[in-house]
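The values are calculated or read from the model by the stated rules, or taken from the named source; none is laboratory data. It should be emphasised that the depicted structure is a prediction, and the values quoted were computed from it without experimental measurement. Every residue, glycine as well, gets a Cβ built from its backbone with ideal geometry; the counts of neighbours run over all protein chains shown. SASA here: full protein model, heavy atoms, side chains in, ligands and nucleic acids out. Shrake-Rupley method; radii C 1.70, N 1.55, O 1.52, S 1.80 Å.
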Amino acid sequence: MQHKDVIIIGAGAAGLFCAATAGQRGKEVLVLDHAKKVGRKILMSGGGRCNFTNMYTSHENFICNNPHFVKSALSQYTQWDFIDLVNRHNIAYHEKTLGQLFCDDSAKQIVKLLMDECAAVSAQVKTNCEILTVTKSSTGYHLKTSQGEYTCTSLVIATGGLSMPKLGATPFGYQIAEQFGIPVTPTRAALVPFTLHEHDKVLLAELSGVSVQASAECNNTIFNEGILFTHRGMSGPAVLQISSYWQAGQRVAINLLPQHDMLAYLHQAQTEQPNTLLSTVLSEFYAKRMVQTLLTYFKIENKPLKQYQGKQLDNVAQQFHAWDLQPNGTEGYRTAEVTLGGADTDYFSSKTMEAKAHPGLFFIGEVLDVTGWLGGYNFQWAWSSGYVAGMSV
Ligand code: FDA
C-alpha cells in the first residue's frame, strides 16, 4: 500500500493541470487513468489544434444551476494566466474568431505542456489503471485499483463527462458523487448536432455540406455564428451552441439572414427589377443549390417578383428570418463535445472545489455541473477549476 498526498482520478485537461499545480506546492501527486493515453479529448479538440481558451471568458459563458459558482475559480486562474503559460512553452497560437485561441500547429503541444509541467514537479501519471473501489479512511481516502492499493490525504475526481465514450468517457465521477451523497443534476449531451425528422431530413439532404451565416434561438438565448447542413441533420457553431439550451420537443428559430432585412431588400428588388425571378434575387445571399432547396422546403413558389401580391413577400422574408425548426433530437453522447449537468455545485466550495461534507474530496472539470459554450470555455474551466483545487489539496 502506497500513500500519496494527492491522488487525481482522470488524466484529462483538469486532472493534469491540477496535478502540476499541486506538485508546484510540493505535494506528492499521483494521477490515475483507465485509458491507454492521457488527454485524449485534448488531442481531438479544435480539429486537432485545440481551442485551449477564449480571450473573452466570463462567467456568462457557462451553464450551471448556480450561475455564480464559476466566478471565483475563473478569477483565481484566468484565461490570461493560461495564455502566459502557453507563451512560456513557446507554443504558437492564433485567434480564429470571437476570442477563440487555437494552436498554430497541433493539440499535441497542449498535452506536452501539461505532461512537461507534471514532470517538472515529479507528479506521477499512471495509465491503464482501473479504479475498483474508493472508500473514506481515517487519514483520507483508500483506493483499490488494477495496479495496487493506495491511500491519499486528498482525492480529486477529474473523470469528465459522458461525451464520446470512444475517448474513454465513463460515468465514474457521477457514481463517486452519489456514493458520497452528492446529487448529480440530470445529464444530457450538449454542444451536439441536431438530427431532423424524416420529412425535413429528406428535403434538406441536398444541402449536406453547405454552411451559412445564421442565428439560432431557443429559450431566450440566441447565437449568431453559422450553421452547417449535414447528412444527418444540422450542425455548425450556432446549432452546437443552442443545443446546450434546447430540450427535447422544443422548437428552434433559425434566422438564415441575420445581417440583413430581407423584406426591405425584396421590396426594393420588386420595384427595380420586377421581371427577375425570386430565386435569382435570393442567389445574392445563398448558393443556387440552397435557394432551390429552401424554396421547395418552405413551399414558396418561384416566380418573377412583380407577381408577388399583398403579404406574399412578407411570408418569404418571414420563412428565411424565422425558420421554425423542430429538431427530432440530437446525435447524443457519441458526437457531443460536452455533457450538460453533473455533480451538483451546491455541494462544493466554489473557491476550492472541495466537497463541503467531505474534507479532502475534490471534483474538477466537466464532471461538475458546469458546461461552457463552444469556443475554448470548457478547457478554461478545466484549467481554472484544476488550479484552485491544486492550490487547496
Ligand atoms: P476529460 O474528459 O478531458 O478527462 C477525463 C479523463 O478521465 C480522461 O482521460 C478519461 O480517460 C478519464 N476517465 C474517465 N473515466 C475514468 C475511470 N472510470 N477511471 C479512470 N479514468 C477515467 N473544449 C474546449 O474548450 N475547446 C475545444 O476545442 C474543445 N474541443 C472538443 C472536441 C471534442 C471532440 C470533444 C469531445 C470535446 C471538446 N472540448 C473542447 C471539450 C473539452 O474536451 C472537455 O470539456 C474537457 O476535456 C474536460 O476536461 P476534464 O479534464 O474535465 O475531462
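Check off (1) open to solvent by 10 Å² or more (accessible area, probe 1.4 Å); (2) more than 20 Å from A11 (Cα to Cα); (3) within 10 Å of the ligand (Cβ to nearest atom) for N54 and give me the number that stays unchecked.
In the conditions (1) open to solvent by 10 Å² or more (accessible area, probe 1.4 Å); (2) more than 20 Å from A11 (Cα to Cα); (3) within 10 Å of the ligand (Cβ to nearest atom), N54 misses (1) alone.
I need a count of the residues in the stretch 113-165 that are among the aliphatic types (A, V, I, L, M) and not in a strand (DSSP E or B).
Quick first cut of the stretch 113-165, residues among the aliphatic types (A, V, I, L, M) only: 113-115, 119-121, 123, 125, 131-132, 134, 143, 155-158, 162, 164.
With the extra rule that they be not in a strand (DSSP E or B), the set shrinks to 113-115, 119-121, 123, 158, 162, 164.
Total satisfying the criteria: 10.
As an exercise: evaluate Q250 against (1) modelled with pLDDT of 95 or more; (2) open to solvent by less than 40 Å² (accessible area, probe 1.4 Å) and give the number of the one condition it does not meet.
That leaves (2) as the condition not met.
Could you pull out the residue among G99, G48 that is in contact with a helix residue (DSSP H, G or I) (Cβ under 9 Å, 6 or more places away or on another chain) and either open to solvent by 60 Å² or more (accessible area, probe 1.4 Å) or more than 10 Å from the ligand (Cβ to nearest atom) (or both)? Break it down stepwise before answering.
Working: G48 fails: either open to solvent by 60 Å² or more (accessible area, probe 1.4 Å) or more than 10 Å from the ligand (Cβ to nearest atom) (or both).
Unique residue meeting the criteria: G99.
Would a scan of the stretch 83-95 turn up a residue that is out of contact with any Asp or Glu (no Cβ under 8 Å at 6 or more places or on another chain), assigned by TED's automatic domain parsing to the domain that holds A35, in contact (Cβ under 8 Å) with a residue 60 or more places away in the chain and closer than 24 Å to L368 by Cβ?
Taking every residue of the stretch 83-95 in turn, none turns out to be out of contact with any Asp or Glu (no Cβ under 8 Å at 6 or more places or on another chain), assigned by TED's automatic domain parsing to the domain that holds A35, in contact (Cβ under 8 Å) with a residue 60 or more places away in the chain and closer than 24 Å to L368 by Cβ.
Provide a single number: the residues in the stretch 129-153 that are of a type in the set (A, V, I, L, M, F, W, C) and open to solvent by 40 Å² or more (accessible area, probe 1.4 Å).
Residues of the stretch 129-153 that are of a type in the set (A, V, I, L, M, F, W, C), as a first pass: 129, 131-132, 134, 143, 152.
Of the ones still in play, those that are also open to solvent by 40 Å² or more (accessible area, probe 1.4 Å) are 132.
The qualifying residues number 1.
From L313, L361, L374, which residue is more than 9 Å from the ligand (Cβ to nearest atom) and buried (at least 23 other Cβ atoms within 10 Å of the Cβ)?
Sole residue among the options that is more than 9 Å from the ligand (Cβ to nearest atom) and buried (at least 23 other Cβ atoms within 10 Å of the Cβ): L361.
Any residue that is away from the ligand (no atom under 13 Å from the Cβ) and loosely packed, with under 15 Cβ neighbours inside 10 Å - is there at least one of those in the stretch 26-44?
Restricting attention to the stretch 26-44, the residues satisfying the condition of being away from the ligand (no atom under 13 Å from the Cβ) are 26-29.
Right, trim to loosely packed, with under 15 Cβ neighbours inside 10 Å and you get 26.
Yes, the stretch 26-44 contains a residue that is away from the ligand (no atom under 13 Å from the Cβ) and loosely packed, with under 15 Cβ neighbours inside 10 Å.
Can S122 be described as open to solvent by 40 Å² or more (accessible area, probe 1.4 Å), over 26 Å from the mean Cα position of the chain (by Cα) and among the small types (G, A, S)?
Taking the combined requirement at face value, the residue satisfies it.
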